[in-house]
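Following: one structure in structure tokens, then a few remarks.
The values are calculated or read from the model by the stated rules, or taken from the named source; none is laboratory data. All figures in this text were calculated on a predicted structure; none of them were measured in a lab. Cβ placement follows ideal geometry from the backbone for every residue including glycine, while neighbour counts extend to all protein chains displayed. Only protein heavy atoms, including side chains, enter the accessible area calculation; ligands, DNA and RNA are left aside. Shrake-Rupley method; radii C 1.70, N 1.55, O 1.52, S 1.80 Å.
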Amino acid sequence: MKRSLAHFALFLLAVLEMLLGLIAGVAALVSLITEMVARATAAGGDSFARRVRISPLSPRLRTEMATVLSGLAGPAAGGTR
């Protein structure tokens, strides 16, 4: 009885490990797709700006905007109050 319970627990842990790996893989794939869309959008914005003869956003401004947006998306350094 003890042995079969141990095998069952090991089986459950293996299934849990596979499930968590699948979730991590899906999250990585979504992140990769999001990054590709962001890069394509940035390239499209630059080519559009050149086509209508205006200066595109500078890389420094893009970095600052990304920093601001990531700060809005994440919790503050002090945590919630």
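Which value in nm describes the separation of the simple spin-label points at ARG51 and ILE33, placed 7 Å from the Cα toward the beta carbon?
2.6 nm
Taking θ = phi - 60°, what integer Hz values does the Karplus form 6.51 cos²θ - 1.76 cosθ + 1.60 yield along region 2-15, in sequence order, with x for Gly and Pro?
4, 5, 5, 5, 5, 5, 5, 5, 5, 4, 4, 5, 5, 5
Show log10 I(q)/I(0) for region 1-50 at q = 0.18, 0.23, 0.30 Å⁻¹, two decimals, from a solvent-free Debye sum over equal Cα scatterers.
-0.69, -0.81, -0.97
Among THR34, MET1, LEU20, whose Cα sits farthest toward the positive end of the charge dipole of region 1-71 (+1 at Cβ of Lys/Arg, -1 at Cβ of Asp/Glu, about the Cα centre)?
Going by the charge dipole, the pick is THR34.
Roughly how many Å² of GLU35 are accessible to a 1.4 Å probe, to the nearest 10?
90 Å²
I'd like the Karplus ³J(HN,Hα) series for region 52-65: coefficients 6.51, -1.76, 1.60, θ = phi - 60°, whole numbers in Hz, and an x wherever there's a Gly or Pro.
Working through the residues one at a time gives 8, 6, 10, 7, x, 4, 6, x, 5, 5, 4, 5, 5, 5 Hz.
Would you calculate the separation in nanometres between label points at LEU22 and MET1, each defined as 7 Å from the Cα along the Cα-to-beta-carbon direction?
Taking the two extended label points, one gets 3.3 nm.
Given only helices, namely DSSP H runs of n ≥ 4 each adding -39500 (n - 2.57), what is the per-residue ellipticity at 222 nm of the chain, to the nearest 500 deg cm²/dmol?
After summing the helix terms and dividing by the residues of the chain, the value is -29000 deg cm²/dmol.
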